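Notes follow once the structure below has been shown.
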Amino acid sequence: MNKATEFRLEARPHIPEAIERLDVLANDLFYSWDHGVRSLFARIDLRLWQKVEHNPKLFLRRASQTRLNEAAEDRAFLAEYRRVLSSYDAYLESDPGEGVVEALDPNTSLVAYFCAEFGFHESFPIYSGGLGILAGDHCKAASDLGIPFVAVGLLYQQGYFIQTIDAQGQQVARYECHSSDELPITPVEKDGKQLTVSVPFPGRDVHARVWQARVGHIRLYLLDSNTQANSPDDQDLTLQLYGGDSSTRISQEMLLGIGGTRVLAELGIEPTAWHINEGHAAFQILERCRVAMTNGLNFDTALEAVAAATLFTTHTPVAAGHDIFPRDLVAHNLGSYLEQSGLEFDRIFALGAKNGDDSFNMTCLGLRGSRFHNGVSRIHGRIASEMEGDIWPQIPPQENPIEYITNGVHVPTFLAPEWASLFDIQAPTWKSELLNPAFWNFVDQIPDYHYWSVHKALKQQMAEFTVRRLKRQHKRNGTGHSVTERMTRQLISPDKDALVIGFARRFATYKRATLIFSDLPRLERLLTNPDYPVVLVFAGKAHPQDHPGQQLIKVIHGLSMQPALMGHIILLEDYDQAMARRLLSGVDVWLNTPEYPKEASGTSGEKAAVNGALNLSVLDGWWGEGYDKTNGWAITPRDTELDQEFRNREEARDLLDLLELEIVPLYYNRASQGYSKGWVTRSKASMKTITPRFNAQRMVMDYVRNYYQPATHQGRLMTANDSTVAKELADWKARVRAAWEGVSVTVKGCVQDRCAWDESVELKLSVALNGLAPEDIRVECLVTPDCTGTHAEPGTDRFILAPTDEEDGHTIYETEVNPPYPGLQTLRLRIYPYHKALTHPLEMGAMLWA
Ligand SMILES: *Cc1c(COP(=O)(O)O)cnc(C)c1O
């Protein structure tokens, strides 16, 4: 018998006029953080809403006409519809946040933010993990604050993979195509048709279509190569996020960096500050240099002008997180582009070279093509300075121009609506107080029983969600009914109210998901104590090419199926933003055990804290700053010089000690009221100290003040009057670079080793300038109390030595120093090239010590 071909047909409803603006709401990612919008859809048809996985556009295509008509006539629904719309309209009309206009005048400045992934909501799957969610949160906060801002990224037809875990614990990756009309995007039109841009590739141009997504006040532009104008292979370039091989990757990055910059140019958008968020987008530097050169600048001048207006953020100290391409691949892929642009391959290649390797490192390109650079937590800023120190070879890493801004999370997105409602009653202005730590003391005023009842309700929802998902996945795998019952029993037993610990994030090996299993017999006793049961919930995806990561999933799956541990270890498949919101807001403890110092920031713990869950984490990334002894628990990482296995064992023991001696006893120290007072105190401490510090508004305002405003200023300075200053600076740098090897410095005479407290010491240096002018260098003396290191540290005093004389072709610099400290202090003398137009005084990376 032959089989009938099936033809799929979708009968789309009309949206009744009374509720027609649902369509507007479905096309603005405002819905990703506004619970009111989402509940409108859920209210019309909850089952369908769940079935379309919270995708408003898909929902409006599939909803039944009857349901829509009923909603359009339901007075209660209409009242809610109007309330939501008026809050949406008020949001769009709201003024910029405090200090924004002063820093960035929206009439004259604009920030462009480039990133390879954006995680706004589960309905828009163009993210894989932390980086994407962070980028989404950054855009959302930029919208909330009314920052003049556009974002640029790629649209992946299949996005990141959908994960299932089979009966053997094997991760199975599946890709699903998403058509553009089910995503919250619209084509960008120009001259009556969809805008496309093209980028020269070897032997051909690759074309990209341009889309836009609305994110409240701001716009995100996305490029995809899925157009008939391209060959079938090129159409697939933007098929998957982090898919394909390194040739796919470099091609995607050319589209993002070069194509993305062309999109803005086509639309007449002229950013004044450019933010490259992680190395994937760094090729934009080349395109901006090319454009500057068409205006008559040489490459060096163009680079000065471009770099001065650019910020580069690095996000990981893990080697696999940095794109490194072989020379041949770069030469081949960029060849046509460079040729058509008049850019020299060797000059470009040098921008990405590291340690004399014959490969091209996108992080180095980002760092050399920008004058502002940051890591994403205090610890990571320091580590990045050390890792990337050779970009500024003569500068002590502590002083090189990599600083940090600690990541924060978008509170409206991740705060459970139940908490938001409670805050609305307790402290109605809380939404505008996210930058005010003192305000958050209001959390202490919430009665404990009320506080706990919100947590309990969320925990209940989390448990129901977990059970539903677990049953679905085990039913598919053919697990028996009685087994799934046992697996879920601990979680749903109301009289026990077991302590629930969550661990969910990408299964990258440095995150050490299995650290807690290091001493299995001890852990088993701890989890299965009948009076004090503990449940561990795990979830996360491993990159399809990360086999060690997938092995972790297998191990956890195996443990979760062991009869003795069953019900105490739960592994959920297909972690995404929807699951994140459920788990983070429902667990009691959020666990993170990264291998120090590899967790650049981490943000999921911040989301947990905002929702009252307590962090139990290695002091790495944001937790290194967030932990204050009262607001969670910390595992102190062992010295990185020690053997890795030894470190794992020691840190695992700390983890189990904390659980056994502090966390479990505190949680179960319930009096007659049914909850632990001590626990609530700690949870409140966590919520009130972490929410106002580790949120995305604080983060974005730090970016505005530390980088966007200065980059706008520097960029203008460089390019004013036909780029006079950029030219001057580029020429000056060339002169300094040529002369520097022949520059030397010696102390003249001897420096006194004692003086009276109120006397001063005379310092004299003799410098061979090798043709440079006396003003081309800065000569300084650093004074530090005590003899600590060889570098300038906070608390160091600086004295500038001025040129006074010439002797035998050497220039003499001198000053008198009044000892700034009583008693013993260390004086160190150094010189470095200096020009007033430099963005950072040490950006040339040159320095000599006397
Ligand atoms: C916040 C978040 C992450 C990042 O988690 P970390 O623990 O910081 O790595 C990853 N995925 C999703 C879905 C998230 O919401």
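The values are calculated or read from the model by the stated rules, or taken from the named source; none is laboratory data. Just so you know, these numbers come straight off a predicted model, no measurement behind them. With ideal geometry, Cβ positions are generated from the backbone for all residues, glycine too; neighbour counts draw on all protein chains shown.
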| request: State all residues of the range 491-519 that are small (Gly, Ala, Ser), more than 16 Å from the ligand (Cβ to nearest atom) and in a strand (DSSP E or B); if no residue qualifies, say none. | output: none
| query | Restricting the range 805-850 to residues that are farther than 12 Å from Val779 by Cα and of a type in the set (Ser, Thr, Tyr), which is modelled with the highest pLDDT? | reply | Thr839
| message | Residues that are touching a helix residue (DSSP H, G or I) at 6+ places or on another chain (Cβ under 6 Å) and either assigned by TED's automatic domain parsing to the domain that holds Asp137 or farther than 16 Å from Tyr81 by Cα (or both): does the range 34-47 have at least one? | response | no
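I'd like to check something: does the range 132-140 contain any residue that is among the acidic types (Asp, Glu), away from the ligand (no atom under 12 Å from the Cβ), closer than 21 Å to Tyr91 by Cβ and assigned by TED's automatic domain parsing to the domain that holds Trp274?
Among the residues of the range 132-140, not one is among the acidic types (Asp, Glu), away from the ligand (no atom under 12 Å from the Cβ), closer than 21 Å to Tyr91 by Cβ and assigned by TED's automatic domain parsing to the domain that holds Trp274, which makes the answer no.
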| request: Go through the range 416-445 and count every residue that is surrounded by 13 or more Cβ atoms within 10 Å (Cβ to Cβ) and under 16 Å from Ser585 (Cβ atoms). | output: 8
| task | Out of the residues in the range 358-405 that are assigned to a helix (DSSP H, G or I), small (Gly, Ala, Ser) and in contact (Cβ under 8 Å) with a residue 40 or more places away in the chain, state the one that is farthest from the ligand (Cβ to nearest atom). | result | Gly366
| said: So in the range 613-625, with the set limited to residues that are buried (at least 24 other Cβ atoms within 10 Å of the Cβ) and more than 13 Å from the chain's Cα centre (by Cα), which one is farthest from the ligand (Cβ to nearest atom)? | reply: Leu614
| Matching residues, the range 545-572, being assigned to a helix (DSSP H, G or I) and either within 10 Å of the ligand (Cβ to nearest atom) or closer than 29 Å to Thr640 by Cβ (or both) | His547, Pro548, Gly549, Gln550, Gln551, Leu552, Ile553, Lys554, Val555, Ile556, Leu559
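One line per residue, one yes/no per condition, for (1) outside the structural domain of His840 (by TED's automatic domain parsing); (2) in a helix (DSSP H, G or I); (3) touching a residue at least 60 places away in the same chain (Cβ under 8 Å); (4) surrounded by fewer than 20 Cβ atoms within 10 Å (Cβ to Cβ):
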residue: Leu223; (1), (2), (3), (4): yes, no, yes, no
residue: Ile250; (1), (2), (3), (4): yes, yes, yes, no
residue: Met254; (1), (2), (3), (4): yes, yes, yes, no
residue: Leu286; (1), (2), (3), (4): yes, yes, yes, no
residue: Met293; (1), (2), (3), (4): yes, yes, no, yes
residue: Phe325; (1), (2), (3), (4): yes, no, yes, no
| said: Quick test of your reading of the structure: Gly478 fulfils all but one of (1) at pLDDT below 95; (2) on the phi > 0 side of the Ramachandran plot. Name the failing condition by number. | reply: (1)
| said: Looking for something within 22 Å of Glu93 (Cα to Cα) and within 16 Å of the ligand (Cβ to nearest atom) - is there at least one such residue anywhere in the range 141-161? | reply: yes
| query | Could you say whether any residue in the range 240-248 is buried (at least 18 other Cβ atoms within 10 Å of the Cβ), in contact (Cβ under 8 Å) with a residue 40 or more places away in the chain, outside any loop (DSSP other than H, G, I, E, B) and under 24 Å from the mean Cα position of the chain (by Cα)? | reply | yes
| field | Tyr575 surrounded by fewer than 24 Cβ atoms within 10 Å (Cβ to Cβ), within 10 Å of the ligand (Cβ to nearest atom), within 20 Å of the chain's Cα centre (by Cα) and assigned by TED's automatic domain parsing to the domain that holds Glu650 | value | yes
| Looking at Thr488, Thr466, Thr413, Thr484, which one is outside the structural domain of Trp679 (by TED's automatic domain parsing) and either surrounded by 14 or more Cβ atoms within 10 Å (Cβ to Cβ) or part of a loop (DSSP other than H, G, I, E, B) (or both)? | Thr413
| said: So, in the range 520-544, exactly how many residues are aromatic (Phe, Trp, Tyr) and not in a loop (DSSP other than H, G, I, E, B)? | reply: 1
| Residue that is farthest from the chain's Cα centre (by Cα) [pool: residues in the range 77-104 that are charged (D, E, K, R) and loosely packed, with under 14 Cβ neighbours inside 10 Å] | Arg82
| task | Quick one: count up the residues across the range 395-442 that are among the polar types (S, T, N, Q), under 20 Å from Tyr91 (Cβ atoms) and in contact with a Pro (Cβ under 7 Å, 6 or more places away or on another chain). | result | 0
| remark: Expected single match for modelled with pLDDT of 95 or more and closer than 30 Å to Asp144 by Cα among Val188, Val172 is Val188
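Looking at the structure I just gave you, is Phe349 touching a helix residue (DSSP H, G or I) at 6+ places or on another chain (Cβ under 6 Å), crowded, with 17+ Cβ neighbours inside 10 Å, in the same structural domain as Ile276 (by TED's automatic domain parsing) and modelled with pLDDT of 95 or more?
Working: touching a helix residue (DSSP H, G or I) at 6+ places or on another chain (Cβ under 6 Å): no; crowded, with 17+ Cβ neighbours inside 10 Å: yes; in the same structural domain as Ile276 (by TED's automatic domain parsing): yes; modelled with pLDDT of 95 or more: yes.
Criteria not met by Phe349.
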| Pairs, please: C-beta under 7 Å, at least 6 apart or cross-chain, first residue assigned to a helix (DSSP H, G or I) and in the range 132-143, second modelled with pLDDT under 95 and within 13 Å of the ligand (Cβ to nearest atom)? | none
| task | Just give me the residues in the range 134-163 being touching a His at 6+ places or on another chain (Cβ under 9 Å) and of a type in the set (Val, Ile, Thr), in sequence order. | result | Ile147
| request: Out of Glu122, Glu80, report the one residue that is touching a helix residue (DSSP H, G or I) at 6+ places or on another chain (Cβ under 7 Å) and within 13 Å of the ligand (Cβ to nearest atom). | output: Glu122
| note | Residues in the range 406-436 that are touching a residue at least 60 places away in the same chain (Cβ under 8 Å), touching a helix residue (DSSP H, G or I) at 6+ places or on another chain (Cβ under 7 Å) and either within 14 Å of the ligand (Cβ to nearest atom) or of a type in the set (S, T, N, Q) (or both) total 10
| message | Consider the range 530-543. How many of its residues are in contact with a helix residue (DSSP H, G or I) (Cβ under 8 Å, 6 or more places away or on another chain) and away from the ligand (no atom under 16 Å from the Cβ)? | response | 4
| query | Can you name every residue in the range 815-834 that is outside any strand (DSSP E or B) and either outside the structural domain of Asp776 (by TED's automatic domain parsing) or hydroxyl-bearing (Ser, Thr, Tyr) (or both)? | reply | Tyr821, Tyr834
| task | Answer yes or no as to whether Trp590 is modelled with pLDDT of 95 or more, out of contact with any Phe, Trp or Tyr (no Cβ under 9 Å at 6 or more places or on another chain), within 12 Å of the ligand (Cβ to nearest atom) and not acidic (Asp, Glu). | result | no
| said: Condition first: under 30 Å from Pro125 (Cβ atoms) and free of Cβ contacts under 8 Å to residues at least 24 places away in the same chain. Now tell me which residues in the range 67-86 satisfy that. | reply: Arg67
